[in-house]
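Visitor: Structure provided below as structure tokens; questions to follow.
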Amino acid sequence: METEVQSNFTYLGRTFNNLSVNNSSSAFSDCSSDRSGEFTTTSSQSRRLLLARASDNYSDELIKQLVSNLESNSIDVATQAAMEIRLLAKNKPENRLKIARAGAIKPLITLIASSDSQLQEYGVTAVLNLSLCDENKQLIAASGAIKPIVKALKTGNSTTKENSACALLRLSQIEENKIAIGRSGAISPLVNLLETGNLRGKKDASTALFCLCSIKENKIRAIEAGIMKPLVELMADFSTNMVDKSAFVMSLLITMAEAKAAVVEEGGIPVLVEIVEVGTQRQKEIVVAILLELCEDSFGYRTMVAREGAIPPLVALSQSGTSRAKQKAETLIALLRQPRSTNAAAAVTTTPPTASGVSF
């Protein structure tokens, strides 16, 4: 029999109390560094790449030479330099500050804006790896990296898009950067990556959106970009292992009236009820909180949830869920069973609001 483990789930500074989880892994896997494969190299490149991967003391002189080569008129030379800096920053944490202090950030940003897809990929991924050093984050943003990274997120190849999402996540860990990233147009392409990317792209997009949507203006942008459609679709497909991630993102947005309308419009209520019935303990806990938020001020939504057959699985959850899930389930059951009195009818919405105020 599965043993329930009580824990607090903390991600990027926000804690979800008393979550029940089945293992120690969190819903979000942080973007630690680029995760693409090693590079195909010629024999003349192999020695320096081996040093880049293995040396503990890559010389300051050689790093300076690599930084200088980033600005070469030769695409091949610049590509080689970006590749080595990418590997240096990926494999040796102590090199990240050293590379930044050698002046690599601005020429790497120039590469991100390159029309050459390989240069763009290596540039954005090197910046991602440098951003793993907290001391580099503000310098990267102050050097003008956000807009080129957003452009790469829109126009790059799949690896470039994924690593751009991770780079934006890293930069958004500084609170003021969240506003700049949102105003630079990042939210819509992140939603697009969530909807159309491969599995890694979806995971990276959801993690970045979770962080960025902690502020209201980015929540509005995400809803206007149509985020509820991919969230509902991912929550309906247990095989993707994206239910938890998508539910956490939805839980940030559901306090907005536009988000509630969008969830209903995208057919989210049956999906949410199914998760309460067959999901994991953590999934059930997140989703019952979403349903409670949805139903609190709308008799119309309560009717829809009740008609979907929510009460039996909610009763079961109120008896066997986590302490937080039990409390939320009991409150929601009481709401669903509450008769619509004259006073209540005047105080609550009689029919679900439309999403006409939301631009898609």
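Visitor: Can you go through E217, E233, E224 and tell me which one is over 19 Å from M256 (Cβ atoms), of a type in the set (D, E), modelled with pLDDT of 95 or more and over 12 Å from the mean Cα position of the chain (by Cα)?
Guide: From the options E217, E233, E224, the qualifying one is E233.
Visitor: Determine which member of the set I63, I99, I109 is more than 27 Å from the chain's Cα centre (by Cα), more than 16 Å from E135 (Cα to Cα) and aliphatic (A, V, I, L, M). Let's see the steps before the verdict.
Guide: Values: I99 fails: more than 16 Å from E135 (Cα to Cα); I109 fails: more than 27 Å from the chain's Cα centre (by Cα).
Within the list I63, I99, I109, the selection yields I63.
Visitor: Could you list all residues from the range 260-308 that are out of contact with any helix residue (DSSP H, G or I) (no Cβ under 6 Å at 6 or more places or on another chain) and over 24 Å from M242 (Cα atoms)?
Guide: Hits for the range 260-308 are E296, D297, S298, F299, G300, T303, R307.
Visitor: Hey, any hits in the range 327-343 for a residue that's open to solvent by 50 Å² or more (accessible area, probe 1.4 Å), at pLDDT below 50, assigned to a loop (DSSP other than H, G, I, E, B) and not basic (K, R)?
Guide: Within the range 327-343, not a single residue is open to solvent by 50 Å² or more (accessible area, probe 1.4 Å), at pLDDT below 50, assigned to a loop (DSSP other than H, G, I, E, B) and not basic (K, R).
Visitor: In this structure, does A222 turn out to be assigned to a helix (DSSP H, G or I), closer than 30 Å to G279 by Cα and open to solvent by less than 10 Å² (accessible area, probe 1.4 Å)?
Guide: When the stated conditions are applied, A222 passes them.
Visitor: A follow-up question, please. May I ask you to list the residues in the range 162-181 that are crowded, with 21+ Cβ neighbours inside 10 Å and of a type in the set (G, A, S)?
Guide: S164, A165, A167, S172 - these are the residues of the range 162-181 that are crowded, with 21+ Cβ neighbours inside 10 Å and of a type in the set (G, A, S).
Visitor: If you don't mind, there's one more thing I want to ask. Taking L87, is it assigned to a loop (DSSP other than H, G, I, E, B), in contact (Cβ under 8 Å) with a residue 12 or more places away in the chain and of a type outside the set (S, T, Y)? Give the derivation first.
Guide: Details: assigned to a loop (DSSP other than H, G, I, E, B): no; in contact (Cβ under 8 Å) with a residue 12 or more places away in the chain: yes; of a type outside the set (S, T, Y): yes.
Here the answer is no, as L87 does not meet what is asked.
Visitor: Whether any residue in the range 250-259 is out of contact with any helix residue (DSSP H, G or I) (no Cβ under 6 Å at 6 or more places or on another chain), of a type in the set (A, V, I, L, M) and in a helix (DSSP H, G or I) is what I want to check.
Guide: Checking the range 250-259: at least one residue is out of contact with any helix residue (DSSP H, G or I) (no Cβ under 6 Å at 6 or more places or on another chain), of a type in the set (A, V, I, L, M) and in a helix (DSSP H, G or I).
Visitor: A follow-up question, please. Return yes or no: is R337 touching a Cys at 6+ places or on another chain (Cβ under 7 Å), without any contact (Cβ under 8 Å) to a residue 40 or more places away in the chain and of a type in the set (K, R)? Let's see the steps before the verdict.
Guide: Working: touching a Cys at 6+ places or on another chain (Cβ under 7 Å): no; without any contact (Cβ under 8 Å) to a residue 40 or more places away in the chain: yes; of a type in the set (K, R): yes.
Considered against the rule, which asks whether it is touching a Cys at 6+ places or on another chain (Cβ under 7 Å), without any contact (Cβ under 8 Å) to a residue 40 or more places away in the chain and of a type in the set (K, R), R337 comes out as no.
Visitor: State yes or no: is N91 open to solvent by 30 Å² or more (accessible area, probe 1.4 Å), under 19 Å from R170 (Cβ atoms), modelled with pLDDT under 90 and not acidic (D, E)? Outline the logic, then answer.
Guide: On the way: open to solvent by 30 Å² or more (accessible area, probe 1.4 Å): yes; under 19 Å from R170 (Cβ atoms): yes; modelled with pLDDT under 90: yes; not acidic (D, E): yes.
Here the answer is yes, as N91 does meet what is asked.
Visitor: Here's another thing I want to ask about it. Would you point out which residue out of L97, L132, L62 is assigned to a helix (DSSP H, G or I) and closer than 17 Å to A167 by Cα? Please lay out each step first, then the result.
Guide: Values: L132 fails: assigned to a helix (DSSP H, G or I); L62 fails: closer than 17 Å to A167 by Cα.
One residue alone meets the criteria, L97.
Visitor: Let me ask something additional. Hey, does the range 280-287 have a residue that's within 22 Å of C211 (Cβ to Cβ), part of a helix (DSSP H, G or I) and among the acidic types (D, E)? It would help to see each step written out before you state the result.
Guide: Here is the first cut: in the range 280-287, the residues within 22 Å of C211 (Cβ to Cβ) are 282-283, 285-287.
Those left that are additionally part of a helix (DSSP H, G or I): 282-283, 285-287.
Pick out the ones that are also among the acidic types (D, E) and you get 285.
Within the range 280-287 (the criterion being within 22 Å of C211 (Cβ to Cβ), part of a helix (DSSP H, G or I) and among the acidic types (D, E)), the answer is yes, since at least one residue qualifies.
One line per residue, one yes/no per condition, for (1) of a type outside the set (V, I, T); (2) surrounded by 21 or more Cβ atoms within 10 Å (Cβ to Cβ); (3) touching a Gly at 6+ places or on another chain (Cβ under 6 Å):
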residue: R183; (1), (2), (3): yes, no, no
residue: I187; (1), (2), (3): no, yes, no
residue: D204; (1), (2), (3): yes, yes, no
residue: C211; (1), (2), (3): yes, yes, no
residue: G226; (1), (2), (3): yes, no, no
residue: L231; (1), (2), (3): yes, yes, no
residue: L234; (1), (2), (3): yes, yes, no
residue: S239; (1), (2), (3): yes, no, no
residue: V249; (1), (2), (3): no, yes, no
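Visitor: Taking S131, is it of a type in the set (S, T, Y), open to solvent by less than 20 Å² (accessible area, probe 1.4 Å) and within 27 Å of K178 (Cα to Cα)?
Guide: yes
Visitor: Does S246 qualify as being among the hydroxyl-bearing types (S, T, Y), in a helix (DSSP H, G or I) and within 26 Å of R302 (Cβ to Cβ)?
Guide: Taking the combined requirement at face value, the residue satisfies it.
Visitor: Ok, one more. Name the residues in the range 255-299 that are among the hydroxyl-bearing types (S, T, Y), over 13 Å from A325 (Cα atoms) and surrounded by fewer than 18 Cβ atoms within 10 Å (Cβ to Cβ), would you?
Guide: Correct list: T255 only.
Visitor: State whether the residues of the range 146-154 include one that is at pLDDT 95 or above, under 16 Å from I75 (Cβ atoms), touching a helix residue (DSSP H, G or I) at 6+ places or on another chain (Cβ under 6 Å) and open to solvent by less than 20 Å² (accessible area, probe 1.4 Å). I'd like the intermediate steps shown before the answer.
Guide: Start the filter on the range 146-154 by keeping residues that are at pLDDT 95 or above, which leaves 146-154.
From what's left, under 16 Å from I75 (Cβ atoms): none.
Within the range 146-154, none of the residues are at pLDDT 95 or above, under 16 Å from I75 (Cβ atoms), touching a helix residue (DSSP H, G or I) at 6+ places or on another chain (Cβ under 6 Å) and open to solvent by less than 20 Å² (accessible area, probe 1.4 Å).
Visitor: Looking at the range 53-70, I want the residues that are open to solvent by less than 30 Å² (accessible area, probe 1.4 Å) and have a partner that is at pLDDT 95 or above and hydroxyl-bearing (S, T, Y) with Cβ atoms under 8 Å, at least 6 apart or on another chain. Which pairs are those?
Guide: Qualifying pairs under 8 Å: L70/T110.
Matching residues to (1) free of Cβ contacts under 8 Å to residues at least 60 places away in the same chain; (2) of a type in the set (A, V, I, L, M):
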| position | (1), (2) |
| --- | --- |
| P107 | yes, no |
| S114 | yes, no |
| T125 | no, no |
| N136 | yes, no |
| L139 | yes, yes |
| G144 | yes, no |
| A152 | yes, yes |
| N163 | no, no |
| S172 | yes, no |
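The values are calculated or read from the model by the stated rules, or taken from the named source; none is laboratory data. Every value quoted in this text rests on a predicted model; they were computed, and no experiment measured them. Glycine also receives a Cβ, built like all others from the backbone with ideal geometry; neighbour counts cover every protein chain displayed. With ligands, DNA and RNA removed, areas are computed over all heavy atoms of the protein, side chains included. Shrake-Rupley method; radii C 1.70, N 1.55, O 1.52, S 1.80 Å.
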